[in-house]
Amino acid sequence: MFIETEDTPNPQSMKFLPGRPILGHGALGMDFPNAETATASPLAETLFGVDGVSGVFLGADFVTVTKFESVDWRHVKPAILGAIADFLTAALPVLKAGAANARRPATSLDDYEAEDREVVEQIIELIDTRVRPAVAADGGDIVFQHYEPRTGVVFLSLHGSCSGCPSSTMTLKAGIENMLKHYVPEVVKVEAVA
């Protein structure tokens, strides 16, 4: 199996592209920031078994692995490639039964009424069509969490290579916040949440 790799803007994260679906088209990504959170995914658990892995993010057709800063990619990358290839070749399930149901945004449209609901629909549409594809190209994901109509603040969570990336604050403020403010005048500010 040939697995492509791509550097990401985060020097501690690398994107692995096996040429086949991981979670499937249109799926929300799943972030595993440490080994304790990986119980929903046998693939993530396998990758945490590689010495030096500090985080795993599963996307539609890619896996982003974050290493500890003290570890060099030359030492950990071959083991990660082998672990992904062996796992996918064995045709094991990427997620345990019921794990897909846990991948939901923090807030539902049902939490908003009338004009606020329309604003949230616009925010989610812009994030899903303009932001998420670009962020996924860098090995990460961004998910709408909450909108506060009273203050105009949008809360988003960053995952994969975007989590802890040195340029994520710039992306959030200069890119996403400016775009949302341009298209949705009710938006005043964008904040990242863990």
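Taking the conditions exactly as written (more than 14 Å from the chain's Cα centre (by Cα) and closer than 16 Å to Ile3 by Cα), does Ala38 satisfy them or not? Considered against the rule, which asks whether it is more than 14 Å from the chain's Cα centre (by Cα) and closer than 16 Å to Ile3 by Cα, Ala38 comes out as no. Listed by first and then second residue, the pairs with beta-carbon distance under 9 Å, at least 6 apart or on different chains, first residue in segment 118-136 and closer than 24 Å to Thr64 by Cα, second surrounded by 20 or more Cβ atoms within 10 Å (Cβ to Cβ) and aromatic (Phe, Trp, Tyr), are Ile124/Phe144; Ile127/Phe144; Asp128/Phe144; Ala136/Phe62. Taking the criterion of being part of a helix (DSSP H, G or I), among the β-branched types (Val, Ile, Thr) and without any contact (Cβ under 8 Å) to a residue 24 or more places away in the chain, the only residue of segment 33-84 that qualifies is Thr37.
Working only within segment 35-68, note down all residues that are surrounded by 19 or more Cβ atoms within 10 Å (Cβ to Cβ), out of contact with any Lys or Arg (no Cβ under 8 Å at 6 or more places or on another chain) and farther than 12 Å from Val94 by Cβ. Across segment 35-68, the qualifying residues are Phe48, Val50, Gly55, Phe57, Val65, Thr66, Lys67.
Scanning segment 113-150 for residues that are closer than 23 Å to Met14 by Cα and acidic (Asp, Glu), we see that the one that is surrounded by the most Cβ atoms within 10 Å (Cβ to Cβ) is Asp141. Is it the case that segment 12-25 has a residue that's more than 19 Å from Arg132 (Cα to Cα), small (Gly, Ala, Ser) and in a helix (DSSP H, G or I)? No; the residues of segment 12-25 include none that is more than 19 Å from Arg132 (Cα to Cα), small (Gly, Ala, Ser) and in a helix (DSSP H, G or I).
Read the figures in this text as sums done on the coordinates, not as results from a lab. What you see is a predicted model, and the numbers here were worked out from it, not measured in a lab. Ideal geometry is used to build each Cβ from the backbone, glycine not excepted, and the neighbour counts take in all protein chains shown.
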